[in-house]
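*Asks:* The following block contains the structure, expressed as structure tokens.
The values are calculated or read from the model by the stated rules, or taken from the named source; none is laboratory data. This structure is a prediction, so every number in the text was calculated from the model and none was measured. Heads up, the Cβs are rebuilt from the backbone with ideal geometry, glycines too, and the neighbour counts pull from every protein chain shown.
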Amino acid sequence: MVQAVAQFASSRAIKNEQKLWPDIQHLLFASAEKIFTKMTPEDYLAIDETLLKEFRAPTVGKEGFHILAMLSRPHATGEILLKATDFKDTPLLNPKYYLEDKENTDIDVIAEGWIILIYFNSRCN
């Protein structure tokens, strides 16, 4: 369950005169298990539980939060392909994260998003 959202314009957006159209998004959500819903972080993050087990081990049973940086307007584009003629079959998804961005600016923008998070975290201590 997302608790808060913040949006920022990256230096790329400002350079392209799009400072009123943010392209970095930060999500803040509770990490304490089942506080607000019956869902665990594995449910709402849609990540396999085995991938999160080691990462989450120190926080299980404790209250806390997670912050995530993401691109709101990536330049890279992926594709959705049908794997069969039956439309009910699950399609093949290839997001091509960072691969189709000719100028590599998506990497710079997501790095900028994490730098902002690190800055805010350093101000909280």
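*Asks:* Can you report the number of residues in segment 92-119 which are under 15 Å from HIS26 (Cβ atoms) and either surrounded by 13 or more Cβ atoms within 10 Å (Cβ to Cβ) or under 17 Å from the mean Cα position of the chain (by Cα) (or both)? Spell out how you get there, then give the answer.
*Replies:* First pass over segment 92-119, keeping only residues under 15 Å from HIS26 (Cβ atoms): 109-119.
When the remaining residues are screened for being either surrounded by 13 or more Cβ atoms within 10 Å (Cβ to Cβ) or under 17 Å from the mean Cα position of the chain (by Cα) (or both), the result is 109-118.
Here the count works out to 10.
*Asks:* So how many residues does segment 79-125 have that are among the polar types (S, T, N, Q) and part of a loop (DSSP other than H, G, I, E, B)?
*Replies:* The total comes to 4.
*Asks:* Here's something else I'd like to know. In segment 69-84, what count of residues is obtained for those that are at pLDDT below 85 and of a type in the set (A, V, I, L, M)?
*Replies:* Of the residues in that region, 1 qualify.
*Asks:* Take ALA76 and tell me if it is assigned to a strand (DSSP E or B) and surrounded by 15 or more Cβ atoms within 10 Å (Cβ to Cβ).
*Replies:* In short, no.
*Asks:* Another question about this same structure. Six or more apart or on different chains, Cβ under 7 Å: which pairs go from a residue in segment 2-13 that's in contact (Cβ under 8 Å) with a residue 12 or more places away in the chain and closer than 12 Å to GLY113 by Cβ to one that's part of a helix (DSSP H, G or I) and of a type in the set (S, T, N, Q)? Could you list them?
*Replies:* ARG12/THR105
*Asks:* Then there's this: Are any residues in segment 60-91 more than 17 Å from the chain's Cα centre (by Cα) and touching a residue at least 60 places away in the same chain (Cβ under 8 Å), and if so, which ones?
*Replies:* Within segment 60-91, no residue meets the criteria.
*Asks:* Here is a follow-up. Just give me the residues in segment 82-112 being more than 30 Å from GLN7 (Cβ to Cβ) and of a type in the set (Lys, Arg), in sequence order.
*Replies:* LYS83, LYS88
*Asks:* Does GLU17 satisfy the criteria of being of a type outside the set (Gly, Ala, Ser), under 27 Å from ALA111 (Cβ atoms) and at pLDDT 75 or above?
*Replies:* Values: of a type outside the set (Gly, Ala, Ser): yes; under 27 Å from ALA111 (Cβ atoms): yes; at pLDDT 75 or above: yes.
In short, yes.
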